[in-house]
Amino acid sequence: MSSNRLTGSFPEFISQTTLTTLRISNNSFEGGLPSEWTPFSKLSKMDLSINNFSGLIPPTLFNLGLMDLN
């Protein structure tokens, strides 16, 4: 979903999937990130860069064991 000029908040449907890679970079998402990242336990790669997210990085995000948070 990268580089598609998508707007709005973090896509809720993503938390209902068992993704291993999440790349939503280079869009215009805004607002905060979900506070609960347990549904994303299978993620090995994630890129949220070049968006307009605001607020704190949720502590549960660090529990995923990702090596590179872009």
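The values are calculated or read from the model by the stated rules, or taken from the named source; none is laboratory data. None of the values given here were measured: they were computed from a predicted structure. Note that each Cβ is placed from the backbone with ideal geometry, even for glycine, and that neighbours are counted across all protein chains shown. Quick note on the areas: whole protein, heavy atoms, side chains included, nothing else; ligands and nucleic acids left out. Shrake-Rupley method; radii C 1.70, N 1.55, O 1.52, S 1.80 Å.
Toward the positive end of the charge dipole of the chain, with +1 on the Cβ of Lys and Arg and -1 on the Cβ of Asp and Glu, the farthest Cα among 26, 63, 53 is that of 26. Per residue, the chain reaches -1000 deg cm²/dmol at 222 nm when only DSSP H runs of four or more residues are counted, each adding -39500 (n - 2.57).
Its Cα centre serving as origin, the chain has a Cβ charge dipole (Lys and Arg +1, Asp and Glu -1) of approximately 180 debye. Of 22, 56, 43, the residue with the greatest mean-square motion in the GNM of the chain, using alpha carbon springs below 10 Å, is 56. Annotation note: GluC sites (Glu not before Pro) in region 11-70 located in DSSP loop regions with a Cβ neighbour count of at most 12 within 10 Å are 36. Less than 18 Å from a label point 7 Å out along the Cα-to-Cβ axis of residue 25: which backbone N atoms in region 35-57 qualify, by residue? Label zone hits: 43-54. Largest to smallest in accessible area, the residues 25, 35 fall in the order 35, 25 (1.4 Å probe, all protein chains included).
Cα-Cα pairs above 17 Å in the chain: how many percent? That tail contains 37 percent of the Cα-Cα pairs.
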